[in-house]
Amino acid sequence: MGIRKYLIFFVNLGKFITIEGGDGAGKSTQSGYLYTNLKKKGINVTKTREPGGCPESESIRELLVTGDPNKWSPLTETLLHCASRSSHLKTTIIPKLKSGSWVICDRFCDSTLVYQGYAGKVNLETIHSLNKIIVNDFVPDYTIIIDIPVDIGLSRASKRGNIDNRYEKMDIQFHEKIRNGFLELAKTNLDRYTIVNGELSESEIEKCILDKIEKKFKI
């Protein structure tokens with residue numbers, strides 16, 4: 001039985017919202033704003049991230065995001081992300097949804113598809129098959145893609161301080177593929193994906209995302 005089919009037996013199942021986009025798009029910042037805004041509305045909500053989200057997955061995150069840009073092949077990265085996701089689902093996401101909490105996740109399966117597939121050239125069917133093993137038919141209820149020109153995103157990312165992020169060290173062509181990958185992915189399911197202009201101010205993006213969430217879930 002798939003995860004989603006299993007979870008429907010829980011009457012108070014929470015909503016699963018993911019925020020996606022390239023490096024420097026502001027996903028983490030906007031995840032925090034959305035978390036705060038939903039709490040103000042009286043919604044029980046949890047904020048998490050990928051890779052990471054539980055102790056085991058945070059250990060894998062350290063392997064993935066630090067060091068030389070070329071230390072892992074895209075296929076190895078895919079396998080590490082899937083291993084991290086497996087623990088994250090079991091330890092954090094599924095228990096929180098079952099308890100009735102909404103879950104906001106900074107990146108999920110779509111990032112693996114875009115970073116390792118569209119940009120890293122791992123066969124997309126291979127990634128789909130691996131994700132199927134890990135998540136089965138479980139998908140987010142709603143996915144926000146923050147779209148921003150690559151040069152602006154990388155400039156913002158570089159101003160965050162001494163963060164050793166190997167993905168941010170990859171060439172601009174890689175990041176252009178990431179941006180285009182997310183935009184292509186958004187076309188595949190207009191009901192689940194929505195695009196937000198990342199060139200807006202932080203407060204404008206915050207309001208735009210909240211407006212979309214309110215409309216989507218009628219809150």
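Only one residue of 203, 34, 131 has its Cα farthest out toward the positive end of the dipole of the chain, where Lys and Arg carry +1 and Asp and Glu -1 on Cβ, and that residue is 34. Semi-axes of the equivalent ellipsoid of the chain are 25, 22, 16 Å, computed as sqrt(5λ) over the eigenvalues of the C-alpha gyration tensor in descending order.
Taking all protein chains together and rolling a 1.4 Å probe, residue 62 ends up with roughly 110 Å² accessible.
Amide hydrogen proximity for residue 103: with H placed 1.01 Å from N in the peptide plane, the residues at 5 or more positions away or on another chain lying under 5 Å are 15, 16, 17, 46. Relative to the compact-globule estimate of 2.2 N^0.38 Å, the Cα radius of gyration of region 85-129 comes out at 1.40. Per residue, the Cα convex hull of region 38-148 amounts to 121 Å³. Computed over the chain, the per-residue total of -39500 (n - 2.57) for DSSP H runs of n ≥ 4 gives a 222 nm mean residue ellipticity of -14500 deg cm²/dmol, rounded to 500.
Checking the Cα-Cα distances for 159/212; 132/212; 159/218; 121/187; 27/216 against a 25 Å cut-off, the pairs over it are 159/212; 132/212; 159/218. Positive-end ranking of 22, 152, 95 along the dipole of the chain, with charges on Cβ about the Cα centre, is headed by 95.
The packing ranking of peptides 29-37, 127-135, highest mean first, is 29-37, 127-135, where packing means the average number of other beta carbon atoms within 10 angstrom of each residue.
Peptides 139-145, 48-54, 153-159, 97-103 ranked from most to least packed give 48-54, 139-145, 97-103, 153-159, packing being the mean of other C-beta atoms within 10 angstrom over each peptide's residues.
About its Cα centre, how strong a charge dipole does region 56-110 have in debye, to the nearest 20, once Lys and Arg get +1 and Asp and Glu get -1 at the Cβ?
Numbers: 7 positive and 7 negative charges, 59 e Å.
It works out to roughly 280 debye.
When the charge dipole of the chain is built from unit charges on Cβ atoms (+1 for Lys and Arg, -1 for Asp and Glu) and taken about the Cα centre, the candidate among 194, 174, 54 whose Cα reaches farthest toward its positive end is 54.
For region 46-200, a simple Cβ point-charge model (Lys and Arg +1, Asp and Glu -1, everything else neutral) yields a dipole of about 300 debye relative to the Cα centre. For the chain, the solvent-accessible area of protein heavy atoms averages 48 Å² per residue (probe radius 1.4 Å; ligands and nucleic acids excluded). Overall dimensions of region 105-219, expressed as equivalent-ellipsoid semi-axes from the Cα gyration tensor (√(5λ), whole Å, largest first), are 23, 22, 12. Residues 176, 214, sorted by accessible area with the largest first, give 176, 214 [1.4 Å probe; ligands and nucleic acids excluded]. Per-residue Karplus couplings for region 109-123, computed as 6.51 cos²θ - 1.76 cosθ + 1.60 with θ equal to phi - 60°, are listed in order as 4, 4, 5, 4, 4, 7, 5, 8, x, 4, 8, x, 6, 5, 3 Hz, Gly and Pro entered as x. Of all accessible surface on region 104-216 at a 1.4 Å probe, what whole percent is carbon and sulfur? The value for region 104-216 is 51 percent carbon and sulfur by accessible area.
The values are calculated or read from the model by the stated rules, or taken from the named source; none is laboratory data. Note that this is a predicted model, so its numbers are computed, not measured. Cβ atoms come from the backbone with ideal geometry, glycine included; neighbour counts cover every protein chain shown. Heads up: the accessible areas ignore ligands, DNA and RNA and are worked out on the full protein's heavy atoms, side chains in. Shrake-Rupley method; radii C 1.70, N 1.55, O 1.52, S 1.80 Å.
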